[in-house]
1. If residue 334 meets every condition in (1) more than 19 Å from residue 456 (Cβ to Cβ); (2) part of a helix (DSSP H, G or I); (3) touching a strand residue (DSSP E or B) at 6+ places or on another chain (Cβ under 9 Å) apart from one, which number is that one?
2. If you go through the stretch 362-399 one residue at a time, how many are in a strand (DSSP E or B) and under 34 Å from the mean Cα position of the chain (by Cα)?
3. Considering only the stretch 304-313, I want to know if a residue exists there that is in a helix (DSSP H, G or I) and surrounded by fewer than 18 Cβ atoms within 10 Å (Cβ to Cβ).
4. Looking at the stretch 30-52, is at least one residue part of a helix (DSSP H, G or I) and either outside the structural domain of residue 91 (by TED's automatic domain parsing) or touching a helix residue (DSSP H, G or I) at 6+ places or on another chain (Cβ under 9 Å) (or both)?
5. Considering only the stretch 354-365, I want to know if a residue exists there that is more than 24 Å from residue 434 (Cα to Cα), touching a residue at least 40 places away in the same chain (Cβ under 8 Å) and touching a helix residue (DSSP H, G or I) at 6+ places or on another chain (Cβ under 7 Å).
6. Cβ-Cβ below 8 Å, separation at least six or inter-chain, first residue in the stretch 305-327 and over 26 Å from residue 21 (Cβ atoms) and not assigned by TED's automatic domain parsing to the domain that holds residue 124, second in a helix (DSSP H, G or I) and at pLDDT 90 or above: which pairs?
7. Looking for something without any contact (Cβ under 8 Å) to a residue 24 or more places away in the chain and either in a loop (DSSP other than H, G, I, E, B) or touching a strand residue (DSSP E or B) at 6+ places or on another chain (Cβ under 9 Å) (or both) - is there at least one such residue anywhere in the stretch 203-221?
8. Which number in (1) in a helix (DSSP H, G or I); (2) in contact with a helix residue (DSSP H, G or I) (Cβ under 7 Å, 6 or more places away or on another chain); (3) modelled with pLDDT of 90 or more marks the one condition that residue 154 misses?
């Protein structure tokens, strides 16, 4: 029978990884912890998230005892900690500086030290909600080991798996308290619920567009009002269909619906007061902002950390390895990025053949008499329009458009997927036959795939929960030795 410590660590890890994978891209998680003050540190990293950081972790945790010393935070006893009578709730400790990772840790009466890690994806709107998620994992481990009840141990994983709206709310509340002080009157849960409800409500077949500004109730009088409703006639925020109808009046012209978080007070324009939360509806998706900071996006009735813009880092790496000079690499990347974003914003799929060969391939399709210089004025706008036509755009390393409505063919290869459409599988077949070709596939539902040599460079692995393997995590010393450090 596994110990409460092992069961709790594994359950929290699985719930954390699953929840963050829905909120962001596929996300791994790991923990470094010691339950009692004299215990050795243990490392729970079943998905190899910490691989490559062994030397830094050795420097911080093995070569130094600084992580053990001192009270966890101001207000805790200067000596004799942990002490009986102090709450099991955690006190935060500074995370180690590991590139590409987000970390949060703490100390408590029941867990002498713990630090949780996850991936810092490059397309995150903000790391704030993810940090709140990790902080909640820290709290839950402390509470689990304080109670040591089997029911509580299993519940923590489920809590973390469904924590997305609470992570967004917690971050907004913490930031507003920091910026405005305590005892603010704007309630965050109702406005988040209303935002998702409005985003799913169509009006005459159209999806929501425009902004709702949620303003601290005491600051409403200072707004630049276009129209203000009488107090007894203000639509309640929970009446999402009524608010969705009103939102049509704020689709342009710099105006926005103004709400105190309980009802819609009217239509205003200009800047919003400090600490305001904005729901920016853009059709099939939207963004939540706190002042000028984008906190998260939303779509399909759920919140996400993503910016809704394609991550083309794999294409950038391919261009850096090509024979093109630096200026051409940069220009070509900017052209492809612009065309991809235009397809995403337009809600249509497209394919972009990036031809890095010394001379362009002859690809069946529609061809101009002379290749179109995409650096010329107006040429990129034309290419955006041509991207709506069935077939792929053919772009050469000479920064010219050599064809559109191009048909990609090839022999069947192992990298094909029946779960993907013809555009994707044609790109897999075509690139398998041509070494100097990269194809960027934009699907109508927004995913972007970068394919080279018959392989999708943007593919991610599915991390399998390890709950069935209930082994106690190794000590830091053993983990470092296994890594050859």
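1. All conditions are met except number (3).
2. Of the residues in the stretch 362-399, 5 are in a strand (DSSP E or B) and under 34 Å from the mean Cα position of the chain (by Cα).
3. Yes; the residues of the stretch 304-313 include at least one that is in a helix (DSSP H, G or I) and surrounded by fewer than 18 Cβ atoms within 10 Å (Cβ to Cβ).
4. There is no residue in the stretch 30-52 that is part of a helix (DSSP H, G or I) and either outside the structural domain of residue 91 (by TED's automatic domain parsing) or touching a helix residue (DSSP H, G or I) at 6+ places or on another chain (Cβ under 9 Å) (or both).
5. no
6. Every condition considered, the pairs that remain are 319/329; 319/332; 319/333; 320/329; 322/329; 324/332.
7. The answer is yes; a qualifying residue exists.
8. (3)
The values are calculated or read from the model by the stated rules, or taken from the named source; none is laboratory data. Values in this document were obtained by computation on a predicted structure and should not be read as measured data. Note that each Cβ is placed from the backbone with ideal geometry, even for glycine, and that neighbours are counted across all protein chains shown.
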